[in-house]
Amino acid sequence: MPRRTDIESICIVGSGPIVIGQAAEFDYAGCQALKVLREDGFRTIVVNSNPATIMTDPGFADRTYLEPLDVESVAEVLRLERPDALLPTMGGQTALNLARELATAGVLDELGIELIGARLDAIERAEDRLKFKEAVESCGLKVPNSTIVTSLDELDGLMVPAVVRPAFTLGGHGGGFAYTQEELYRQVERGLAESPIGQVLVEESVRGWDEFELEVVRDRIDNVVIVCSIENLDPMGVHTGDSVTVAPQMTLPDEAYQELRDAAAAVIRAVGVDTGGSNIQFARSRETGDVRVIEMNPRVSRSSALASKATGYPIAKIAARLAVGYTLDEIPNDLTGTTPASFEPTLDYVVVKFPRFAFEKFPGADRTLGTQMKSVGETMGIGRTLAEAFLKAYRSRELDAGAATPWQALEEVPEDVHPFFRRELDQIRDALAGIADVESLTADGWVRLKRVGLSDADIAAAAGTTETAVRRRRRECGARPSYRRVDSCAGEVEATSNYYYSTWGEVDEAAPTGDRPRVVILGSGPNRIGQGIEFDYCCVHAVTTYRELGYEAVMVNCNPETVSTDYDTSDRLYFEPLDAESVLAICEREKPDGVVIQFGGQTPLKLARAIEDAGYRILGTPFDAVDLAEDRERFAGLLRAHGLRSPEWGIAGSPDEAVEIAERIGYPVLVRPSYVLGGRAMRVCYTPDEVREMPPFERILVDRFVEHAVEVDVDALCDGVDTYVAAVMQHVEEAGVHSGDSACVLPAPSLSFAQAQEIARVVRILGRALGAVGLLNVQLAVTGDGEVYVIEANPRASRTVPFVSKATGVELVKAACRLAVGATISELGLPPERPPRQWSVKAAVLPFARFPGSDPVLGPEMRSTGEVMASAADLSTALDKAERAAGRRLPRTGSVFISIREPDHQQAVPIAATLVGLGFDLYATEGTAATLAAAGIEVEPVRKLSEAQDGEPTVVDLIRRGRCDLVINTPEGRNARSDGYAIREAALARRVPCITTLSGAAAAVHAIATARAEQAMSLQERIDAELGLAQQA
Amino acid sequence: MSYLALADGTVWRGESVGAEGHALGEAVFTTGMSGYQEAVTDPSFEDQLICFTAPMIGNYGVAEARSESARTHARAVLMREARGPDWTDWLREHGIVALTGIDTRSLVLHLRDAGSVPAVAVASDLPVEEAIERAARQPSMLGRALVDDVSTDEPYVYAEAGRVRIGVVDYGVKNSVLRRLAKAGAAVTVHPHDTPADELAGYDGVLLSPGPGDPEPLAGETETVRQLLGRTHVLGICLGHQLIARATGHDTYKLQFGHRGANHPVHERLTGRVLVTSQNHGFAVAASEAAEVSHVSLYDGTVEGFDLPDLRARSLQFHPEAGPGPHDAWPLLEAWVEEVAHA
């Protein structure tokens, strides 16, 4: 039976900002769902606060709301739009929890909205530990023995070791292992605080058991299909998001695998998911074969995105179709076109997923892996052997040199790993050890090494030669990769799939044909801090634009979460590492008319030289212009030549030299290693000692730090001659906070007309001087006396491109692509340059809660994982909403604790005065309190931790007891054990918003004072208004 | 040098990890991702060279209990990546030619387009030209009767006690069939393929087993089935299904490259539901609109089952016993035993 005809409009809730445990996979899911629902003629409404997603593009749904994902906002959207149904299974735990809350609050009933995809009772059975246990046991299966705990008094008699799992948290947040009673107490205390329903499960530890996941879909007439099995290399105990995983499962004989398959089918039936997909996790004892059902996600998930990419079976798409009434025998398989979705995928290759960590960003954080997910991204490798797939995923991580991470070296195999995996990985080391010199290798010898998955670089390192020498020799021997199709059926059915991976010693399959001009677009690889989903957004837009312009668009990427690695996105998809070897081999096969490197962040830039050297054309800004902007000395020369100012700076080869430079240019200085991403290891130093404390880098960059300046971010388009200034944004936090972590406001509220004009003039000069063709991002600082300093320029897509595109309605990537193939600015028909009428705020979301031990303070090193956007008719309302969307709802009443570093005490006075005027009670540490009291502000002093006598309540106690609704605390120094640190950590644990900069505090307090309630407005309406106004202007 | 030569002259290089010598047979592929030992010991793979589409074979070793019959039936296995030593030792001990390093995906695409063809797997110094010639001289699977090679010579009792007495006609039965029957509560006796109908009619139910080769030349067996139908409950599986088809006026034909795997969706007409099934057949019953068709392949429309209530007979082209493959259709086998018990 075809689709349901009793519903016409469907609302999809996204997963909000990228956080650990919820990343781009839900944009991928949302996009797939929207595509098929629109194909079927449904009216679609999207609510998601994350502007960097494709699903929130105005063309992707009929109505798009960039609103906070809380009951208040979503209910408002539902009231405005009155959809017939709500599909909550595409937006991760966030959407599922929201659906539950909306249902329990009676909103869905009141508006007559049906929950589709997963019914409320099924969601509850999957999510509520007790109900889940009952469901599992009803089909004769077992969950680990467990007890539900709702208070710390219930811990008597519980056995350790045990696992603590809070109910309804995402990515296992707040959970962990306990080996002793004391650890158990601490874990449960934390878990109870994290769980929105104050419930945790203390369960039998199955640590060390093998871990498997099955991706299951079920339709309304009870057909069940197992899409994929996934096996974890890291046994039970490490969160599956942090585990290296393999698909299909490798170590189970058929009878054991079928037992899991039966169990998965039984569980999805018992839980009652009947129109969608689920991920079911199992633990299995290697010795006894005992099986425990660990958990189930009654929705698409990170694992289902991985399974979709691993098999070519688009789970989210199928799940969306099932949700509107189709059955599995009716839905066709895209890749074959002839078989139905009930044909279970079968793989003739192996897939390995690797987690990407960012511990280097969180010094002091515990790096041990456990039940709480800590990785920020992932990579996937496809090969014909485990080792080949493993090494592809392993090297796709693009680790920063020296960054400490799990799996830093091949030797770091987890202790409990299955002997099969150990043998396979041993093979890699044996192969490496067997490499003597590359000159004597025969064609067969090359194929043998390559089939193990070794890269040219690996072989070069083992043979003590260069990668290019290895490549030359290998090619002389005729050893080249062959490309194979991912077709979901192991070749059994003829498929015209456009989805490829490489392997060795085989026949090449389906070489590209066709006479359309061709571009190869390089993606951004794994999500990491500093290079996130924004770049995938840009890549997807580039693909779409080039296709519209008549090009064949070929995508290369290795991140399984993304929309860019959906085979539906491009003309051809190569799921390959983004390294020189892989990219050059793809270029050789595709013979592109141009290679696009502007949109994938730093990753493709690193390959630019090799691509140019191999004779391929880079579209848009030539690599030399990128280098001109990134090389400090060349860039400084350019600025000088054009009479532009920049903070004084110098490059030091040693700490002493760095101090010398600092003395010359004056403190404070910004010190960092040269050529880094996301401000890594960057620090503001006020004294020579602080400069000396920096780790010894080969080249240290020392910049004069422009204090008390307004930091401005500009996104512009250039055609090599003319420049279009698309947006001038202002950072809320002062210079010294990484631009990626700072809230960002469009238009810039503090700039005078003349200053804005001056900024535009500077950007235009830079655009022409650099010879940029396409996007240009410039960061500037404007001092109190109106001086404009250029901080840096990047002639490529920036993090703010999606935000600006949505705030202004100008599709920046589309314009940049057209410029790159020869259009001029004047030919693009862009609206006149002018600040938007509506206020938009982008706020960062920080993962501090995941990294206890690391100081939760903003600084020059970027640490946010994601962002939210909010727009309104005035700045305060937009900022207030953005903070709410970021999970830091600003209080309207209550108490505020203020502790400001000494030099800034006076600046805190107006902030404090406003708060008192708004009726807040103030607490402050003694120094701050004295200044405020002296200014006539009523404030209650509290003891610092270090000053407190025995038994005296301290500020930390105050926060812990929930007596504080907002914390304003600017950091005193770098001492990790300082009072400030304890205050911030307490606020974090208690989920009290904590502001660590004065400018941030001023903006927040202003927002508290003046924000209004404003009706939600769709992005389509906002853009129409913006562009309409622009037309009139 | 070790290689696979097809009758059409194509040669596929590999390395030997099994027995020495060469093995003639029909080159076929199976898409199941696990169950390699079950496949090699399944009598339905008699005289065939099995190419596994799963890239790594042998990962979890071997276990006696996994064998589907008392001996191996496939002549050779063709793998992209064999994993040992348990599996490769076992292959060698059982005299099976085994090649690794084969470009299996290309071979599969070739077989898909060219069809299953006579071939020879070589792990000896047999020259390539001679190998191709020998492969080409082999008879096609079309028209070959193989059940006599794999059937038991004497009747034997598999399970003594049970609530129903089931006679199994062994055209190449798998242990999984017998195991499932016994588990469903049947007393099971296994008979040679040429057991007369009169001898079988005394059972509460008769199961016509799976088996290798072409059903068409099995005139005697087809006649026996014709005589048996209507006299007791009959369930045909795979070759047994094809014999019931032929006995009731349906045609069978050789498939281009067969259905071999663990993921084939089958539409059950009565319930409208889809079963994910284990399949292993090179011949099939031609698509038919006949009312008695109970199951249809969602993959190519071939008949996957009959329900003939007047004759008290049912049949299934796929393998409800699994082994290897999904258990979705286990209930069908149990339901049949139940049906016989309550008749």
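Throughout, read-outs are computed from the coordinates displayed, never taken from laboratory work. It should be emphasised that the depicted structure is a prediction, and the values quoted were computed from it without experimental measurement. Methodologically, a virtual Cβ is constructed for each residue, glycine included, from the backbone with ideal geometry; neighbour enumeration extends over all protein chains shown.
A few points about this structure:
- Estimated distance in nm for a label pair at B:Ala290 and A:Asp426, the labels positioned 7 Å out from Cα along Cα-to-Cβ: 5.7
- The peptide list A:600-608, A:102-110, A:394-402, put in order of mean Cβ contacts within 10 Å with the highest first, becomes A:600-608, A:394-402, A:102-110.
- In summary, the lysines within cross-link reach of B:Lys254, defined as a Cα separation below 26 angstrom excluding same-chain residues under 8 places away, comprise B:Lys174.
- All C-alpha to C-alpha distances of the protein assembly as shown, sorted into 20 Å bins beginning at zero, yield P(r) values of 10, 36, 34, 15, 4, 0 percent in whole numbers.
- Straight-distance crosslink candidates among lysines, where the alpha carbon sits under 16 Å from A:Lys133 and sequence neighbours closer than 8 are dropped: A:Lys142
- Projected label points at A:Ala105 and A:Arg699, each 7 Å from Cα along the beta carbon direction, are separated by 5.3 nanometres.
- Of the residues A:Ala316, A:Ser73, A:Ala797, the one whose Cα sits farthest towards the positive end of the charge dipole of chain A is A:Ala797 (charges of +1 on Lys and Arg Cβ, -1 on Asp and Glu Cβ, taken about the Cα centre).
- For A:Met90, distant residues with modelled amide H under 5 Å away: A:Val13
- The DSSP beta bridges internal to the protein assembly as shown are antiparallel in roughly 65% of cases.
- Euclidean distance of C-alpha centroids, segment A:561-603 and segment B:200-240, integer Å: 57
- Here segment A:802-960 is treated as an ellipsoid with the same Cα gyration tensor; its semi-axes, largest first and in whole Å, are 43, 19, 14.
- Over 19 Å apart at the Cα level, from the set A:Lys131/A:Lys374; A:Lys450/A:Lys606; A:Lys450/A:Lys591; A:Lys35/A:Lys309; A:Lys361/A:Lys606; A:Lys309/A:Lys361, are A:Lys131/A:Lys374; A:Lys450/A:Lys606; A:Lys450/A:Lys591; A:Lys361/A:Lys606; A:Lys309/A:Lys361.
- Couplings 3J(HN,Hα) of segment A:791-805, computed from phi: 8, 7, 9, 10, x, 6, 5, 9, 4, 8, 4, x, 4, 5, 4 Hz, in residue order, whole Hz [Karplus 6.51 cos²θ - 1.76 cosθ + 1.60, θ = phi - 60°; x for Gly and Pro].
- Peptides A:426-436, B:244-254 ordered by packing proxy, namely the average of other Cβ atoms within 10 Å per residue, highest first: B:244-254, A:426-436.
- Per the Debye formula on identical point scatterers at the alpha carbon atoms of segment A:433-591, with no solvent, log10 I(q)/I(0) at q = 0.09, 0.16 Å⁻¹ is -0.34, -0.97.
- Average Cα contact separation per residue, segment B:147-341, under 8 Å, 6 or more apart, as relative contact order %: 20
- ³J(HN,Hα), Karplus 6.51/-1.76/1.60, whole Hz, each residue of segment A:853-865, x for Gly, Pro: x, 9, 5, x, 10, 6, x, x, 8, 6, 9, 6, 9
- Quotient of C-alpha Rg and 2.2 N^0.38 Å, computed over segment B:147-341: 0.91
- Length-normalised contact order for chain B - Cα pairs under 8 Å, 6+ apart - percent: 16
- Neighbour cut-off at most 15 other Cβ (10 Å), DSSP loop, trypsin sites (Lys or Arg not before Pro), segment A:91-160: A:Lys142
- Per-pair calculated FRET efficiency, R0 = 35 Å: A:Glu548 and A:Val721 via Cβ, rounded to 0.05: 0.90
- Around the amide H of A:Ser482, modelled in the peptide plane, lie the amide H atoms of A:Thr503, A:Trp504, A:Gly505, A:Glu506, all under 5 Å away and 5 or more residues distant in sequence or on another chain.
- Using every pair of distinct Cα positions in chain B, the Kirkwood expression returns a hydrodynamic radius of 20.1 angstrom.
- If R0 is 60 Å, the Cβ-Cβ spacing of A:Thr288 and A:Ala461 corresponds to a FRET efficiency of close to 0.90.
- Calculated SAXS-style log₁₀ I(q)/I(0) at q = 0.09, 0.16, 0.17 Å⁻¹ - segment B:2-137, Debye, Cα scatterers: -0.21, -0.70, -0.79
- Ranked packing of A:880-892, A:585-597, most packed first, by mean Cβ within 10 Å: A:880-892, A:585-597
- Partner shielding of A:214-222 amounts to 1, given as the average count of beta-carbon atoms from other chains within 10 Å of each residue beta-carbon.
- Segment B:2-137: relative contact order in percent, alpha carbon pairs under 8 Å with at least 6 residues between: 38
- The GluC sites (Glu not before Pro) of segment A:897-984 meeting both criteria, a DSSP state outside H, G, I, E and B (loop) and at most 11 other C-beta atoms within 10 angstrom of the site's C-beta, are A:Glu938.
- Dipole moment magnitude, nearest 20 debye, segment A:925-971 about Cα centre, only Lys, Arg, Asp, Glu C-beta charged: 160
- For the residues of B:103-111, the average number of beta carbons from a partner chain within 10 Å of their own beta carbon is 6.
- Percent of beta bridges antiparallel (DSSP, segment B:147-341, rounded to nearest 5): 60
- Per residue of B:50-57, other chain Cβ atoms within 10 Å of the residue Cβ number 5 on average.
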